[in-house]
Amino acid sequence: MQGSKKLVNTVLGCADDALAGIVACNPHLQLLRGHRVALRADLENVQGKVALISGGGSGHEPAHAGYVGKGMLTGVVAGPVFTSPAVGSILAAIRAVKQAGAVGTLLIVKNYTGDRLNFGLALEQARIEGAPVQMVVVGDDCAFTMQKKAGRRGLCGTVLIHKVAGALSEAGVGLDAIVRRVTAVAEAMGTLGVSLSPCSVPGSRPTFQLAADELELGLGIHGEAGVHRMKMTSAEQIVKIMLDHMTDPSSASRVQLRPGASVVLVVNNLGGLSYLELSVVAGSAVHCLESRGVHIARVFVGSFMTALEMAGVSLTLLLVDDELLALLVPASPHMRVVLDKVCSTLLSLQEKLNDLDRASGDGDCGSTHARAARAIQEWLNAKPIPVHPSKLLSALAKLLLDKMGGSSGALYGLFLTAAAQHLQINDDIAAWSIAMDAGIDAMMRYGGAAPGDRTMLDSLCAAAQVLRALKNPKSNPLQVLTKAVQEAEAAAESTRNMEAAAGRASYIGSARLELPDPGAVAAAAILRAVMEGLQVKTMALLGLQVPSRWQVDVPIIPCF
């Protein structure tokens, strides 16, 4: 019997052609010569961090090459369709990231015998060569109610592990700490699939047969049959059956879901389902979970871990708290903590800044900054904040221009607008230093002040000079930021000895200016708040206790 039709060049070469095609269309990827391996094109940026390598058989696209990039995987190793990758290629990928300066390598492997064996063999050989390598095996399948000796199969939940591990690595977390964290995450996760039709490996017949009025529950991602065959019914009823099975108290592989729990939901197209059907299933899953009192923190809908052309869908549930959600949605919750810290700092300094301003102005510097802080707080509570840094800074610029008022509002707006432009294409650590310089240049160009004129520029320029060290990939970002804050605070204090050359204070005799400039003090305080907000997140990632003065409530905003 002839196999199903496939748009390939050759059956034997389809896995190679597919990976080459993904790389050809993505300038951020590169192929490792002689191997079916895709790596980040900017591999030098893995220096000093833990590298993440995953992979498996082809046929699961966009897994796994689609998840290579900053904040995700460093590289992937692909095997033939539904077949584990070669040990030599896995070892070559480990060697490549080690040569690039990675301080360790984590192998993220789905729980299938071939993958465990081949990745495990490569790990042992790499360790003999002196490479620090560990492996996490992900098993998130909820299909089997009794514990199997082989364990739970690795399914779409593996993609969430990629994201969590990627966020931790990007934050500079060590290998052992990442392993502990993702292992705990994997235990709080479950996936179940259902299919309306089988799939077929190129050159082969379909892997199983279904009648026109049947569907298969609990199947894997390699075309294998599921645990239960049932008659077709409505999407709403199918979703209910799936969620009941996933949370059955008598099942050894259940997700322990209770009313009030907060979850991330992944609605995954197994390859051949129409997006109309996928949307219907997603809506049914949301309604069903909410009717059980479950809080949905985030929903991801799309094709994440497929099985060729299989017309089916899988649901993944991951129990989350604020810290875990911040790893899955890195920009918004991360920056939310920082902005909350900035706002609380400015509100606490309102009277101090007003007192400083009375000596050189109209005594409203603290009130102006407090007005900005309240506007930001209202904005944070009203909607999810932009994910991309350039859009976030642009939105803040507009907000401050509208709500802060005075010359301070215009100057901060200038700074943020100019900084945002330099983060549109590149937002890595070094780019933030360049953005800082751009913002300062705009303030000087249009505001007419310069360092030494007794303004906020004195604090900002002192910090910017230190932050240029971020251009060195070996620098420790938090250490650099800490030093920058210290220099900004020292510069703010030194303004008490300066003669004002810009702003209202320039019209007052220097003998009367015996206190630090309030704008410089405010700018230094903002930088310290940014630093402490980032420290909150970093300490939380490492599982360390956060000092009480840094405790911040992080609201979870549902985003569908």
Exercise for the section: State whether one or more residues within the range 312-320 are surrounded by 19 or more Cβ atoms within 10 Å (Cβ to Cβ), in contact with a helix residue (DSSP H, G or I) (Cβ under 8 Å, 6 or more places away or on another chain), closer than 27 Å to Lys110 by Cα and modelled with pLDDT under 95. Expected result: yes
Problem - Unique residue being open to solvent by 60 Å² or more (accessible area, probe 1.4 Å), on the phi < 0 side of the Ramachandran plot and at pLDDT 95 or above when the list is Arg258, Arg292 - result: Arg292
Fill in the blank from the handout: Scanning the range 23-63 residue by residue, the ones that are open to solvent by less than 10 Å² (accessible area, probe 1.4 Å) and part of a loop (DSSP other than H, G, I, E, B) total 3
Practice task
Considering only the range 173-192, state which residues are over 17 Å from Gln134 (Cβ atoms) and either modelled with pLDDT under 95 or in contact with a Cys (Cβ under 8 Å, 6 or more places away or on another chain) (or both).
Solution key: Gly190, Thr191, Leu192
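Each row is one residue, and each column tells you yes or no for (1) in contact with a helix residue (DSSP H, G or I) (Cβ under 7 Å, 6 or more places away or on another chain); (2) small (Gly, Ala, Ser); (3) farther than 28 Å from Gly172 by Cα.
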{"residue": "Asp402", "(1), (2), (3)": "no, no, yes"}
{"residue": "Leu411", "(1), (2), (3)": "yes, no, yes"}
{"residue": "Leu416", "(1), (2), (3)": "yes, no, no"}
{"residue": "Leu423", "(1), (2), (3)": "yes, no, no"}
{"residue": "Asp437", "(1), (2), (3)": "yes, no, no"}
{"residue": "Ser475", "(1), (2), (3)": "yes, yes, no"}
{"residue": "Lys483", "(1), (2), (3)": "yes, no, no"}
{"residue": "Gln486", "(1), (2), (3)": "no, no, no"}
{"residue": "Asn497", "(1), (2), (3)": "no, no, yes"}
Fill in the blank from the handout: Restricting the range 326-384 to residues that are open to solvent by 40 Å² or more (accessible area, probe 1.4 Å), of a type in the set (Asp, Glu) and modelled with pLDDT of 90 or more, the one farthest from the chain's Cα centre (by Cα) turns out to be Asp355
Problem - Ala102 in a helix (DSSP H, G or I) and at pLDDT 95 or above - result: no
Handout entry: Test: Arg374 is assigned to a loop (DSSP other than H, G, I, E, B) and of a type in the set (Lys, Arg)
Key = no
Handout entry: For Ile429: the one exception among (1) closer than 19 Å to Leu339 by Cα; (2) open to solvent by 40 Å² or more (accessible area, probe 1.4 Å); (3) among the aliphatic types (A, V, I, L, M); (4) more than 27 Å from the chain's Cα centre (by Cα)
Key = (4)
Problem - Residues (small (Gly, Ala, Ser) and either under 15 Å from Cys156 (Cβ atoms) or open to solvent by less than 20 Å² (accessible area, probe 1.4 Å) (or both)) located in the range 269-283 - result: Gly271, Ala282
Exercise for the section: Could you please find all residues in the range 454-487 being in a loop (DSSP other than H, G, I, E, B) and buried (at least 22 other Cβ atoms within 10 Å of the Cβ)? Expected result: Arg454, Thr455
Completion exercise
Note on the range 192-219: residues of a type outside the set (A, V, I, L, M) and either more than 22 Å from Ala15 (Cβ to Cβ) or touching a strand residue (DSSP E or B) at 6+ places or on another chain (Cβ under 7 Å) (or both) are Gly193, Ser195, Ser197, Pro198, Cys199, Pro202, Phe208, Gln209, Asp213, Glu214, Glu216, Gly218
Exercise for the section: Within the range 199-213, identify whether any single residue is more than 19 Å from Leu317 (Cβ to Cβ) and in contact with a helix residue (DSSP H, G or I) (Cβ under 7 Å, 6 or more places away or on another chain), and answer yes or no. Expected result: yes
Completion exercise
Of the conditions (1) more than 16 Å from Tyr67 (Cβ to Cβ); (2) in a loop (DSSP other than H, G, I, E, B), the single one that Asp16 does not satisfy is (2)
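Using the structure shown, decide if Leu107 is surrounded by 24 or more Cβ atoms within 10 Å (Cβ to Cβ) and modelled with pLDDT under 95. Don't jump to the end; show me each part of the working.
Details: surrounded by 24 or more Cβ atoms within 10 Å (Cβ to Cβ): yes; modelled with pLDDT under 95: no.
When the stated conditions are applied, Leu107 does not pass them.
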Problem - Selected residue (only one of Leu393, Leu416, Leu400 is hydrophobic (A, V, I, L, M, F, W, C), closer than 21 Å to Arg445 by Cα, crowded, with 19+ Cβ neighbours inside 10 Å and without any contact (Cβ under 8 Å) to a residue 24 or more places away in the chain) - result: Leu416
Handout entry: Some residue of the range 432-442 being open to solvent by less than 60 Å² (accessible area, probe 1.4 Å) and not in a helix (DSSP H, G or I)
Key = no
Fill in the blank from the handout: Per the filter on the range 133-177, residues in a helix (DSSP H, G or I), closer than 24 Å to Pro62 by Cβ and either among the small types (Gly, Ala, Ser) or open to solvent by 20 Å² or more (accessible area, probe 1.4 Å) (or both) are Gly157, Lys163, Ala165, Gly166, Ala167, Ser169, Glu170
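The values are calculated or read from the model by the stated rules, or taken from the named source; none is laboratory data. Because the structure is a prediction, the values reported are computed rather than measured. A quick note on method: Cβ atoms are made from the backbone with ideal geometry, for glycine too, and the neighbour counts reach across all protein chains shown. All accessible areas refer to the heavy atoms of the entire protein, side chains included, with ligands and DNA or RNA removed. Shrake-Rupley method; radii C 1.70, N 1.55, O 1.52, S 1.80 Å.
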